[in-house]
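One structure is given here, and the rest of the page talks about it.
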């Protein structure tokens, strides 16, 4: 197992390539943000702006990068006679490292984005922790905020990773199981999202939709029952548990799945 | 020191890809794994390499089941026609990756082989032609340092010069390392000299497991007028028959007895014998 | 580059054909007395034949006294190898050449006298 973990973390097919992919992807979204910034400035906007979906893009993309990296690792492992057991155990051990790395990169990208926007007079709101960027700007020495932000990103990264695993499992084994697994992932994270602070982006989105659309006005705002609100730390722990539960499902699917690659000859 | 397949069976959707195949591969031999497309050769190699799992039966290396067994699997390398190795990887990356898993993998030897074939190590697999991709995969297999190397169609897309080079390199490596080579190929006449032993699969069943020379001399071909051939071969085990107008040719198991005038006897090449043994219509 | 000849036929076992190939080289003087014959490795890799088969073929030559092993050096052609091969082939001349000749002649309706005439004409050349 040490071989495989070593391979996953050291090799250019593993972590290093993942980092390169993440950087590429984040720069890509960075360009998109830049274009948005230019558009907003031309528009003459100033003050608070909500870009909730864009804020999460880094996390979704980290899931995609992870799926790509993990897929390569699995294939290479199988080609070199590594047992499924070892691959699964190795990935489980390596995943948190990948998650932490991508969380750090995403958080860094987000902070940079927030700062750049701030320089132009626009304050970004996103992910529910509405005043974070405010705190960030005014109290940058406050490490707690940074950890807070990091944990939040880590949490969603695990979500993206779990989805990535389900995608790989589906791709390898059968489309039906993949779809079931993906739906399951979404469902599990939906449950968690119910517990996010009421200004969480999902509800933010829904609320804005409610405000904007005629018939929805009568339904009213979506607010999670107060008793279900957890702190970010608790949420992170729950996420980790959820992640490993889904990983367990992934392992069960992959344990006996034929991994052959596409026939060319 | 050997790999033993014990009643290895694999079924997909109620169809038997491999049916109770039992055979032994000794270390230090070069064997041919022959059969038509879809006969089960690739399935067999996949089962040995832990890429897929048997429905029934087992693959044993020195008595130990290789299924999910890292230690045993590291002594085996399976090269296939598929794209299992990520095609966006560069050749030198794959070779260094292999070093993590195959402790005796020989990167220098891989470099030497790349030089012989004029293969640039900085290229990605996806950038190579079919022939060169095969060459790359064979190089990975041969430099792995594994004790048992399975090459599934190592000649796919290779020009004649490269094939000659490949055979020479296999023999060279074979003498150096005493590894076992199991080669599936459709270019049987070219490779016949390499094989010490041949395994023939037909629709998932093992129909021959013998040393090459015995196999070759196990049958003869009789040509002549159809009635004469039928008369002569009555009571004999005819492997396959073909007709050309009023003439017939039959491939028969065993040795020719007293041959009446008007009939010609000849010995089939390994390829001809294989074609006869794996022909679609079998009349006995 | 591969050697001329090795499209081995299908009539005889491969190892016998290898032995004959080397014998041919001895008889035609390409390999002389006390000269080293190509090693198993060289033969195997050049002719693209399994070394076990090559070894079997070479051991036939050893049994026939055509080739001997020099300690630590390889296989060498014996003194009387050429003579041995000639004698051996003389014995087989009738079966290998005369019998098929007569069979073919019969097929074509060529008589014994015709053959003798042809021989007279041919051997003069």
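Since every read-out is calculated from the coordinates, none of them should be taken as a lab result. This is a predicted model, so every value here is computed, not measured. Using ideal geometry, Cβ is built from the backbone for each residue, glycine included, and neighbour counts are taken over all protein chains shown.
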- Task: Sort the following peptides by mean Cβ neighbour count (other Cβ atoms within 10 Å, averaged over residues), highest first: A:154-163, A:250-259.
- Result: A:154-163, A:250-259
- Task: Please work out whether the stretch C:82-124 counts as rounded, prolate or oblate from its C-alpha gyration tensor, where a ≥ b ≥ c are the square roots of the eigenvalues and a/c under 1.5 means rounded, while otherwise a/b larger than b/c means prolate and anything else oblate?
- Result: oblate
- Item | For B:132-138, mean number of other protein chain Cβ atoms within 10 Å | 1
- Hey, got the average number of other protein chain Cβ atoms within 10 angstrom for residues in A:67-76? 3
- How many angstrom separate the Cα center of the stretch C:54-122 from the Cα center of the stretch B:147-182? 35 Å
- Item | Sorted by Cβ neighbour density within 10 Å, fewest at the top, the residues B:12, C:76 | B:12, C:76
- Query: Order of B:162, B:186 from fewest to most other C-beta atoms within 10 Å?
  - Reply: B:186, B:162
- Message: If you take each beta carbon of peptide B:84-93 and count the beta carbons of other chains within 10 angstrom, what is the mean?
- Response: 5
- Against the longest principal axis of chain C, how steep is helix C:81-93, in degrees 0 to 90 to the nearest 10, with axes from Cα atoms? 30 degrees
- Query: Considering only chain B, what is the antiparallel percent among its DSSP beta bridges, to the nearest 5?
  - Reply: 70 percent
- Task: May I ask you to sort B:30, B:275 by Cβ crowding, counting other Cβ atoms within 10 Å and putting the fewest first?
- Result: B:275, B:30
- For residue B:65 and residue C:64, what is the calculated FRET efficiency with R₀ set at 51 Å and r taken between the beta-carbons, to the nearest 0.05? 0.60
- Message: Give the separation of the Cα centroids, the stretch B:209-255 to the stretch B:50-123, in Å.
- Response: 42 Å
